[in-house]
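Okay, structure first, notes after.
The values are calculated or read from the model by the stated rules, or taken from the named source; none is laboratory data. These numbers were taken from a predicted model, which means no experiment stands behind them. Backbone-built Cβ (ideal geometry, glycine too); neighbour counts: all protein chains shown.
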Amino acid sequence: MSTSQLQIAIASLRIRLAEIQGKEEQTEALIDQFRTQLRRLPRQVVYGAISLDASLTSMGEIEERLNDAVTTHRWILEFKKTAVYELEALELVGQVDEARRSLSSLNQQAQSSGDNEETSAEILRLEKFIADYSKKAELAITESYQQRQDSS
């Protein structure tokens, strides 16, 4: 994946994650609204503002909507978890890619101007970073892929 493709994928995932988070907030507000309505209805019956039969019918409808909203919220959290996981994996890939470019540049610099301690230390640090984070990115991507296959 080229750098621009990676950046586009990351940006797209961030947009999707923001959309998911917006929907999560809407659903949480809806859940709160339904719970508030369920708490208030019994008082309205007690004080005669609404009949018992009408209240029971309303409570049943509100509870059904609440259950639907809770289920939707659970699904949204699954989408969010997947999006966050995918974003983290792509960001790891991006960090490794950037480190590889820096390493290549340092290697060229070391060849043209001679090797010094500072450059050598930075090359070693980048090589270690690339090795460590390449493995993490590989695990994140393969685990994500495996999870998607297992849930299909």
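Of these, Lys128, Lys135, which one is surrounded by fewer than 17 Cβ atoms within 10 Å (Cβ to Cβ), modelled with pLDDT of 85 or more, more than 23 Å from Ser12 (Cα to Cα) and not small (Gly, Ala, Ser)?
On inspection, the qualifying residue turns out to be Lys128.
Which one is farthest from Arg39 (Cα to Cα) among residues in region 51-60 that are assigned to a helix (DSSP H, G or I) and small (Gly, Ala, Ser)?
Ala54
Has region 104-122 got any residue that is among the small types (Gly, Ala, Ser), within 18 Å of Thr3 (Cβ to Cβ) and either in contact with a Phe, Trp or Tyr (Cβ under 9 Å, 6 or more places away or on another chain) or in contact (Cβ under 8 Å) with a residue 24 or more places away in the chain (or both)?
Checking region 104-122: not a single residue is among the small types (Gly, Ala, Ser), within 18 Å of Thr3 (Cβ to Cβ) and either in contact with a Phe, Trp or Tyr (Cβ under 9 Å, 6 or more places away or on another chain) or in contact (Cβ under 8 Å) with a residue 24 or more places away in the chain (or both).
Matching residues to (1) at pLDDT below 90; (2) in contact with a strand residue (DSSP E or B) (Cβ under 7 Å, 6 or more places away or on another chain); (3) over 30 Å from Leu126 (Cα atoms); (4) not small (Gly, Ala, Ser):
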position	(1), (2), (3), (4)
Gln5	yes, no, no, yes
Leu17	no, no, yes, yes
Asp32	no, no, yes, yes
Val46	no, no, yes, yes
Leu52	no, no, yes, yes
Ser58	no, no, yes, no
Leu90	yes, no, no, yes
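Is one or more of the residues making up region 46-54 charged (D, E, K, R) and either surrounded by 15 or more Cβ atoms within 10 Å (Cβ to Cβ) or in contact with a Pro (Cβ under 9 Å, 6 or more places away or on another chain) (or both)?
no
Among the residues of region 1-44, what is the count of those that are in a helix (DSSP H, G or I), surrounded by 12 or more Cβ atoms within 10 Å (Cβ to Cβ) and aliphatic (A, V, I, L, M)?
Residues that pass the stated criteria total 11.
This table checks each residue for (1) surrounded by 17 or more Cβ atoms within 10 Å (Cβ to Cβ); (2) aliphatic (A, V, I, L, M).
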{"position": "Tyr85", "(1), (2)": "no, no"}
{"position": "Arg100", "(1), (2)": "no, no"}
{"position": "Leu103", "(1), (2)": "yes, yes"}
{"position": "Gln108", "(1), (2)": "no, no"}
{"position": "Ala121", "(1), (2)": "no, yes"}
{"position": "Leu124", "(1), (2)": "no, yes"}
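Among Glu86, Glu63, which is the only one that is of a type outside the set (Lys, Arg), farther than 30 Å from Lys128 by Cβ and assigned to a helix (DSSP H, G or I)?
Working: Glu86 fails: farther than 30 Å from Lys128 by Cβ.
Going through Glu86, Glu63 in turn, the sole match is Glu63.
Do you know which of the residues in region 4-47 that are more than 30 Å from Gly94 (Cβ to Cβ) and in contact (Cβ under 8 Å) with a residue 40 or more places away in the chain is farthest from the chain's Cα centre (by Cα)? Walk me through how you get there before you give the answer.
Keep residues of region 4-47 that are more than 30 Å from Gly94 (Cβ to Cβ), which gives 26-47.
Going one step further and asking which of them are in contact (Cβ under 8 Å) with a residue 40 or more places away in the chain, we end up with 27-28, 31.
On the way: Thr27: 17, Glu28: 17, Ile31: 22 Å.
Here the answer is Ile31.
Checking Leu103 against (1) hydrophobic (A, V, I, L, M, F, W, C); (2) farther than 26 Å from Leu17 by Cβ; (3) touching a Ser or Thr at 6+ places or on another chain (Cβ under 9 Å), which test does it fail?
Condition (3) is where Leu103 drops out.
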